[in-house]
Structures are given as C-alpha cells and as structure tokens.
Amino acid sequence: MSDRLPPDSSAGLSGRLAGLLDRVGSRGEYREPSSDPSDPAVEFRDVSKRFGPVTALDGIDCRFDRGGIHGVVGPNGSGKTTLFEVLLRLRRPTSGTVTAPPPAAIGYSFQEPQFYPNLTAGENLSVFTRLHGDVDPEWRRSVTERLRLDRVRHQRAAALSGGFRKKLDVAIAFVSRPELLVLDEPLAGIDRLSRERVIELIVEHAQGGGTVLVSSHDREHVDPILDSSLALYDGRVGRPE
Ligand SMILES: Nc1ncnc2c1ncn2[C@@H]1O[C@H](COP(=O)(O)OP(=O)(O)OP(=O)(O)O)[C@@H](O)[C@H]1O
C-alpha cells in the first residue's frame, strides 16, 4: 500500500513495504474548515512531507482566503505538486495540520490526468457529471464549448492530442462547480484561445464565490488574475522566483 491513492493494487512487495514505512511515519492531521466565511478555505500549519531522505515540504505555514484566486509558484521540484496532493488527501503529510474541504468538494486537474483513457471525451464528461449529480446541463455545455471539446467528444481520451487531453481534464475539474478548485499547470500545452478561456473560467469561478489554487509556469498570463501568491523554494515558503 502507498499513501497515494493507488491507481491499481498491483504494487510489488518492495513498493508496498516502502508505502507502509511511509504511512507509519506520517502523522499529519486533517481538519475541515469552519462555516465562518471569513475563515480561510485552506490552511497549512507547520506541514512537512518527506519521501525517505527527500523533504518535499518543510514546515509550510500558509492560508488561502475563500473566493480568491491564489497562485502557488516556485521552480521545478520546489514542492507545488506535493502541496496540492497533500491538500487533496492523496498523500498524507509527515507532520503538521491541514485544514481543507473534504475531497468531494474539491475539483482538480493535475499533471497526471484523472480521466478514463478508454472512454471518449464525451463519455468522460458524462461520468464525472453523473458523479456530481446536480450539474447544470447548460453549464456543462458552456464549459465544453468554450474549450472546444465538442469537436472531439467521440474520440477516446487516450487518443486525444496533448492539448485536448489537458482541456478535458480541466473541464472535468470545472464541471461540478466545486467550492475549491486546485489546478496544477492548467495552461500547459494548450493554444492561445483555450488559454484565454481557461483564464476566463477561473475568474468566473472566483466571482461566483469559489476558491482557486493554481500553479503555472505561465506567469505572464496567470499573475494578472491572482489575489495572492505563495512562493515555494526547496519545500519552504519564501523566496520568490
Ligand atoms: N513520490 C515521490 N517520491 C520521492 N520523491 C518525491 C516524490 N514526489 C515528489 N518527490 C520529490 O519532492 C520534491 C518536490 O516535488 P514536486 O513534484 O512537489 O515539485 P513541483 O514544484 O511540483 O515541481 P515541478 O514544477 O517540476 O512540477 C522533489 O524533490 C521531488 O523529487
């Protein structure tokens, strides 16, 4: 077993042993945010995450206010993805306390896609729409059209081009209108028009009261919409890029 939700249970004995050792050493705690809208949507208190000898997060303290667009920036390997995975409870922190909505209230798009590769783009959107039950069909249509996914709805997700795969994954994150959206490099590999559409969707989400956490190396396009920015460097908060 691993502390990462396994895509399948076929990890070998050494993998399971490594995962077990990691779990044994993971004592971080989770709390749910209060109902007071002035409290932050997400808060990390002295959160560390170690992978064996590697310290990916080193005593992180940060908070992200509700209804804002918050950037998480930093060079490669600074801990952005690990911070998001810990927040989503995909990885357990080694120590510290994370306050965050339950995973069901979080939409996300990571560098590894969440969709089902053998289903078509349209089937994927239907599956995720059904999972969330109360998705407004007009909203689903609007997201799909804005990202031009209607053109590829009959194609298998695995056979889509890199840009369309990214857009399908981002659309899945948006479709349920979650209270918190976590987007790791949502603009990577997509064309200019789609980039503008994704930016537009992020802004609309926050205007509607949702909270967005976004990491992107495309600072030129993302920085102008940010309400706050958290700089990570070597797993610590602080040094800007
Ligand atoms: N499963 C893992 N096992 C071991 N080390 C890991 C694991 N995941 C991440 N790390 C290490 O943790 C550190 C932070 O990695 P992370 O992927 O969080 O950085 P990042 O800021 O998202 O980088 P990038 O911009 O390249 O995506 C790196 O040193 C990385 O090698």
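In table form, for the structure just shown:
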| read-out | value |
| --- | --- |
| Count - residues of segment 50-59 that are among the hydrophobic types (A, V, I, L, M, F, W, C) and over 21 Å from the mean Cα position of the chain (by Cα) | 1 |
| Counted residues, segment 23-49 - those being over 20 Å from the mean Cα position of the chain (by Cα) and not acidic (Asp, Glu) | 9 |
| Which numbered condition residue 115 fails, given (1) open to solvent by 30 Å² or more (accessible area, probe 1.4 Å); (2) more than 16 Å from the ligand (Cβ to nearest atom); (3) in contact with a Leu (Cβ under 9 Å, 6 or more places away or on another chain); (4) not in a helix (DSSP H, G or I) | (1) |
| Scope segment 26-36; condition touching a residue at least 24 places away in the same chain (Cβ under 8 Å), open to solvent by 100 Å² or more (accessible area, probe 1.4 Å) and in a loop (DSSP other than H, G, I, E, B); matching residues | 27, 32 |
| Flag for residue 33 being in contact with a helix residue (DSSP H, G or I) (Cβ under 6 Å, 6 or more places away or on another chain) and more than 29 Å from residue 165 (Cα to Cα) | no |
| Selection status of residue 230, crowded, with 19+ Cβ neighbours inside 10 Å, within 16 Å of the ligand (Cβ to nearest atom) and over 25 Å from residue 167 (Cβ atoms) | yes |
| Search result, residues across segment 91-108 that are under 20 Å from residue 66 (Cβ atoms) and touching a strand residue (DSSP E or B) at 6+ places or on another chain (Cβ under 7 Å) | 97, 98, 99, 100, 101, 105, 106, 107, 108 |
| Yes/no for residue 135 being open to solvent by less than 30 Å² (accessible area, probe 1.4 Å) and among the hydrophobic types (A, V, I, L, M, F, W, C) | yes |
| Pair list, Cβ < 8 Å and 6+ apart or interchain, from segment 191-203 residues that are under 15 Å from residue 144 (Cβ atoms) to residues that are of a type in the set (Phe, Trp, Tyr) | 201/174 |
| Verdict on residue 107 being in contact (Cβ under 8 Å) with a residue 40 or more places away in the chain and either of a type in the set (Val, Ile, Thr) or away from the ligand (no atom under 15 Å from the Cβ) (or both) | yes |
| Among the residues listed as 140, 151, the single one being surrounded by 14 or more Cβ atoms within 10 Å (Cβ to Cβ) and part of a helix (DSSP H, G or I) | 140 |
| Whichever residue in segment 50-79 is assigned to a strand (DSSP E or B) and open to solvent by 40 Å² or more (accessible area, probe 1.4 Å) and, among such residues, is farthest from the ligand (Cβ to nearest atom) | 63 |
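The values are calculated or read from the model by the stated rules, or taken from the named source; none is laboratory data. Predicted model, so just to flag it, every value in this text is computed and none were measured. Ideal geometry is used to build each Cβ from the backbone, glycine not excepted, and the neighbour counts take in all protein chains shown. Calculation scope for accessible area: heavy atoms of the full protein, side chains included, ligands and nucleic acids excluded. Shrake-Rupley method; radii C 1.70, N 1.55, O 1.52, S 1.80 Å.
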